[in-house]
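The values are calculated or read from the model by the stated rules, or taken from the named source; none is laboratory data. Just so it is clear, the structure is predicted and the values come from calculations on it, not from any experiment. Note that we place each Cβ from the backbone using ideal geometry, even for glycine, and neighbour counts take in every protein chain shown.
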Amino acid sequence: MASPTSSDAVLLADKPAGVTSHDVVARVRRELGRGVRVGHSGTLDPFATGLLLVLAGRATRVQRFLMALPKRYETVARLGWTSTTGDPEGELAPGRIPPDPLALPTGTIRQRPPAYSAIKVGGKRAYALARAGEAVEVPERDVQVHLFEQRWREGDRAAFTIECSSGTYVRSLIADLGDAYCAELRRTAIGAFDVADAGTWVPLEDALGFLPAVTLDADAGRRASHGQRVEGEAAAPVVRLVDPDGLVALAEPREPGLLKPVVGFRG
C-alpha cells in the first residue's frame, strides 16, 4: 500500500474474507502512525470481500456523504438452503429450491434488514440481541435496487450482479428469493470508486468530486472557513466550496442564493 500524499485522504482497500472492517482500519491506523484519525464509510461483513473506503485525517469528517453513495456487489447464492444469518456463518438448514427463472425485483422495494445486522433496535445492535437469543424485529424500510441481474445458475448455486442504494442488505435480497442465502459476497464499487483501484490513496478533494463545486474568491473562502454563510447557487443538496487555496468546506443551501457551510476543512 502506497503512502498518502496528504494525511487527509481516502484509501481504496480490498478487504479479504475472514477479517472485519475494523481490522482493516486498525492496520491502516498503525501504518499511518499516532495522531492521524482513521475510520471507514460502510461496514462489510467478515465473510464478505471487496471495496472498503478507509478515511484518514479530515476525510473522516465526510463519512456520511461517502456512506450515502450507491453500491455494486457480486454475490453467489446457495439455493434450497436457509441460514439464520443470511450467510455461511449462520445455522444452515435444507429447504426448497426457488423456481427458475427467479423473480429479481428492481426499483423501490420494501425490505426488512436481517436480524443479524448492525442496525440499532431499542438502542442496541440487532446482531447483539440476536446472538443473545432475543427475538429481534427490525423495521422494514424502502431501498432502491437499480440492477439485479443473474449471471449464471448451476445446480444449487446462482451468481448475481446487484447495484443498489446505500442501506440495502444483499443478504435480505437473496433470502427473499426463496430458500437461499449468500454463500459469497463481494463489493466491487462504491459510487465511482472501483475495487480494481484498490491500494490507491485518493486526496480528499478528489474523493469529493461527485459533489458539485462552487468557486469562491479569497474573502468569501475565509468567511466560509469560519462557518459563515456565503453567496452561491447550489446545484445539489450538498456542494463543495473551493477558493484559490483549494477545498474550504461542504455546504447546503439555507435560503435562495446563500450557502451554509456544514463541514469545514480549514482547522
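Only a single criterion out of (1) crowded, with 20+ Cβ neighbours inside 10 Å; (2) small (Gly, Ala, Ser); (3) part of a strand (DSSP E or B) is not satisfied by ALA59, namely (3). Look at the range 226-249: where a residue is closer than 17 Å to ALA9 by Cα and a partner is among the aromatic types (Phe, Trp, Tyr), sitting 6+ places away or on another chain with Cβ atoms under 7 Å, you get LEU247/PHE265; VAL248/PHE265; ALA249/PHE265. Taken together, the residues in the range 3-51 that are in contact (Cβ under 8 Å) with a residue 60 or more places away in the chain, assigned to a loop (DSSP other than H, G, I, E, B) and among the hydrophobic types (A, V, I, L, M, F, W, C) amount to 3.
Output yes when any residue across the range 102-120 is on the phi > 0 side of the Ramachandran plot and either part of a loop (DSSP other than H, G, I, E, B) or at pLDDT below 95 (or both), and no when none is.
Filtering the range 102-120 for residues on the phi > 0 side of the Ramachandran plot gives 107.
Still in the running and either part of a loop (DSSP other than H, G, I, E, B) or at pLDDT below 95 (or both): none.
For the range 102-120, residues on the phi > 0 side of the Ramachandran plot and either part of a loop (DSSP other than H, G, I, E, B) or at pLDDT below 95 (or both): absent.
Applying a threshold of 7 Å to beta carbon distances and a minimum spacing of six or more residues, or different chains, the list of pairs starting in the range 91-116 at a residue that is in contact (Cβ under 8 Å) with a residue 60 or more places away in the chain and closer than 12 Å to VAL138 by Cα and ending at one that is part of a loop (DSSP other than H, G, I, E, B) and among the hydrophobic types (A, V, I, L, M, F, W, C) reads ARG112/VAL138. Please specify each residue of the range 135-183 satisfying the condition of being of a type outside the set (Val, Ile, Thr), in contact with a strand residue (DSSP E or B) (Cβ under 9 Å, 6 or more places away or on another chain), in a loop (DSSP other than H, G, I, E, B) and farther than 18 Å from ALA93 by Cα. Residues satisfying the conditions are GLU137, PRO139, GLU140, SER165, SER166, GLY167, TYR169. Scanning the range 204-225 for residues that are surrounded by fewer than 17 Cβ atoms within 10 Å (Cβ to Cβ) and assigned to a strand (DSSP E or B), we see that the one that is nearest to the chain's Cα centre (by Cα) is ALA213. When restricted to residues that are assigned to a helix (DSSP H, G or I) and either surrounded by 17 or more Cβ atoms within 10 Å (Cβ to Cβ) or charged (D, E, K, R) (or both), the range 184-203 contains 2.
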